[in-house]
Ligand SMILES: Cc1ncc(C[n+]2csc(CCOP(=O)(O)OP(=O)(O)O)c2C)c(N)n1
Ligand SMILES: [Mg+2]
């Protein structure tokens, strides 16, 4: 029987990729280990090796095809004695998955034009840029890179250090191209010694530089947390205002996909507890860019929590010379009157999806993205809750001592009389992240849980 | 394969040699299969293959005795197979199924076996080093003569906690063998670009820890060095460092395009230094095995690996209740007052 060659999954988060190049053609004999094709994921171009031996009977996806889904049939391998005629109809029919011309639904700010018939949609929320500004679609990854590049051009004392940030172009390719532009004095590969290089960066900040420290992921920043908190966050206070640590600690935070308990943790609540630190956790590309630029200029230490799953998502980003987003200003993604859903970072995807589904049933949710967790824009949240009288919080982190817990307490203290229902916190489950696919899904917060929480607080 | 300059006459029996061959081949075929299942989406997340490094763990396991312990990083599949854990259970953990060693909750990087004294499978670079010293601390405390193998990479060798562990192990004469699996790269960073010395094992000297460099592509050399290190630790003389020069043929993990080294560099290692080929030659040239014998071994190993893949595909996903189990252990002996109250 002919062997099917399927589009391989080449990274934890890969769902589709580009078949960049075939290195074999129909009729070629291949043996295991031979390179068949080059495949581009969102992060890298990978070589794809043959596992079985045989003759390439048919190539079903031509090179250059984008958006080929993982496990789509891309070629058929014939064993000795088989001919291309043996390839069944099924194989021929299993045409390449078409490149979906998609912007994920959750990646778009709802605007009036998109609201379906019968939906009561109040006016579109204000964006962070003047009306008529030119927009371009960018991934979060590109937006972060641009933010660093712009700030490095602006201030020669801004430099980037971390594991694999230079020659490898970043473990998640966020620092792509920076070594080329700024050289190895300013884009520095470190050994795997988080505690050491975080400390060195704090010292460099004391000494007048503006370090950006990339952690390959924030899970590894636990090695360095002493310097982030004891050295960076407290020095301004302890020195009576004489000196501090103007610097950024950044990198992906939270769960990626199937990487298990030690690599899937959301530190939003941990760092937000620390006076002296600022904390940002953007969702969209424009916020990632504008907030990172503000963070780099900030005279305080900033913990900047990114997300691996969001890196590849595209959003509109304004084309402006110097686009910044201030800390402490929430963004209203969607206006509504029935309930306030407040979230940040990747939690926003569940919040926005839930709001869309709820709208189909006539429940209008106001969706707020806090964007920064220190400082928090309480005013925007409280104003909204006073209007809707109900609130659901959404985050990916653990439920005990969560950001949602803190928001609930604040709402209770400052808007108790406006509440028509208890605030519900939707969060990750109170368990270490399991590896198994079915359990991982259960451990994370889901859109359905948000919808259910909204139904509870609206009694609908 | 080109002949090695340092080809040694084997100082082990033909049976032992054959066993090393089988053990190394099992790891290689198992890892190739794991790579294949990853491509099919049956294994998720990170998956770090051990292909190329087989002689390190097989040589050292041959030097280990009953009850000795081992702990390593995320690149752990080879260590588990070499210490006698079941291929089925390891593969099923890779696919996140009930039949896996951690019932699907750990994954590729986090597996454990109390029965085989395998203490993980650790995802945080360097963390296993003080943990290994701690296992040795417990053995010394309990008064037995067990030895612990703490495996870590050339990249991990730059973590501060490694040197904290060196100091305490030397100070307290802990029976731990620090095994630096120097495959010359930490992800995309070569040793040259990250490490202030060419000879990492020499970093033990200031702490008073003896050590040596070993050819990790020669299972016999590894076994010999392992014997020496084990004897040192068992005799109560404290820790020992083995820096074992090896090479990984694949990328750091499945998603690493490995553009930081040339294809020729990899090809040269495979062709000239491959540890499995080396033993294969010794078996044939020494008249210990015919081509047919070796074919039979190949088939035997292939069958084991295929069976493990079938098992790993057929084993069901863990029950949903498993999400909530194993977070806390529950046997807590209470004081008398508590019992009276109850
Ligand atoms: C504390 C920490 N920092 C970073 C990482 C990400 N990381 C995983 S493996 C690795 C490279 C380790 O290289 P090495 O110690 O040489 O071991 P090898 O992978 O070569 O076996 C890095 C940087 C991590 N897991 N833990
Ligand atoms: Mg290494």
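A short reminder: the numbers here are calculations on the coordinates, not readings from a lab. Quantities reported herein were computed from a predicted structural model and do not represent experimental measurements.
Of note:
- Each distinct pair of alpha carbons in the range A:3-82 adds a 1/r term; the inverse of their mean, the Kirkwood radius, is 12.5 Å.
- With Cα atoms, 0 to 90° folded angle of helix A:403-415 axis to chain A main axis: 30
- Zero-based 20 Å bins, Cα pair distances in chain A, whole percents: 23, 50, 24, 3, 0
- By the equivalent-ellipsoid construction on the alpha carbon gyration tensor, the range B:10-155 comes out with semi-axes of 24, 20, 13 Å, ordered largest to smallest.
- Helix-only [θ]222 nm of the protein assembly as shown, DSSP H runs n ≥ 4, -39500 (n - 2.57) each, per residue, nearest 500: -10000 deg cm²/dmol
- Helix A:378-388 axis, angle to chain A major axis (alpha carbon atoms, nearest 10°): 80
- Taking all Cα-Cα distances within the range B:14-317, those exceeding 30 Å account for 29%.
- For the range B:279-339 versus the range A:387-460, the gap between their alpha-carbon centres in whole angstrom: 40
- Rounded to 10°, Cα long-axis angle of helix A:285-297 versus longest principal axis of chain A: 50
- Dividing the mean sequence gap of close Cα pairs (under 8 Å, 6+ apart) by how many residues chain A holds gives a relative contact order of 12 percent.
- Part-to-part distance (alpha-carbon centres) for the range A:231-284 and the range B:87-153, which is given in Å: 31
- Whole-number percent relative contact order across chain B, with pairs defined as alpha carbons under 8 Å at least 6 apart: 23
- With distances taken between every two different alpha-carbon atoms, the range A:169-253 has a Kirkwood hydrodynamic radius of 13.5 Å.
- For the range B:61-84 versus the range A:130-190, the gap between their alpha-carbon centres in whole angstrom: 42
- Sequence-separation-based contact order of the range A:3-82, relative, with Cα cut under 8 Å and 6+ spacing, percent: 40
- Altogether, the Stokes-Einstein calculation at 4 °C and 1.567 mPa s, with the Kirkwood radius of the protein assembly as shown over Cα pairs as Rh, returns a diffusion coefficient of 45 µm²/s.
- Computed over the range A:331-458, the quotient of the alpha carbon radius of gyration and 2.2 N^0.38 Å is 0.99.
- Antiparallel bridge percentage (DSSP; both residues within the range A:137-318; nearest 5): 15
- DSSP beta bridge pairing in chain B, given as percent antiparallel to the nearest 5: 10
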